[in-house]
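The values are calculated or read from the model by the stated rules, or taken from the named source; none is laboratory data. All values derive from a computational prediction rather than experimental measurement. SASA here: full protein model, heavy atoms, side chains in, ligands and nucleic acids out. Shrake-Rupley method; radii C 1.70, N 1.55, O 1.52, S 1.80 Å.
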Amino acid sequence: MKHNLTIALKSQSVAIERFLRVVRHRGFDLTHLQLNMDDGQYNMAMTVDSDKPIYLLTSQLNKLIDVKHVTLQSLQQQAV
């Protein structure tokens, strides 16, 4: 199942590396990634694919010190 996430990260290159490592270690495939820098922080939009429940990923991402927030789009928004 595919999920769209929007993430705000501190503007450090190591923050992106940590974030992507968690995605990989949790067994989610990254199918889309868009990275922008606004107001001194990275804003990332990404799509992940996995049969695993998405909360396994979002709960771990929210624990990272470099992550300011993680937003999961609802499945109804994805279908439109």
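Residue order by solvent-accessible surface for Tyr55, Tyr42 is Tyr55, Tyr42, largest first, with ligands and nucleic acids left out and a 1.4 Å probe. Among Ile65, Ile54, the sequence by solvent-accessible area, most first, with a 1.4 Å probe is Ile65, Ile54. Only lysines eight or more places from Lys52 in sequence, or on another chain, were considered; those with a Cα closer than 25 Å are Lys2, Lys63, Lys68. Residue-wise HN-Hα couplings along region 57-66, as the Karplus relation 6.51 cos²θ - 1.76 cosθ + 1.60 with θ = phi - 60° gives them from phi, are 7, 5, 5, 6, 5, 5, 7, 5, 5, 7 Hz; Gly and Pro carry x. The heavy atoms of His25 present about 130 square angstrom of accessible area, all protein chains included, probe 1.4 Å. One quarter of the convex hull surface built on the alpha carbon atoms of the chain amounts to 5.0 nm², the projected area averaged over directions. Between helix 13-25 and the chain there is an angle of about 20 degrees, using the helix long axis and the longest principal axis of the Cα atoms. Per residue, the solvent-accessible area of region 28-67 (1.4 Å probe, heavy atoms of protein chains only, all protein chains present) comes to 60 Å².
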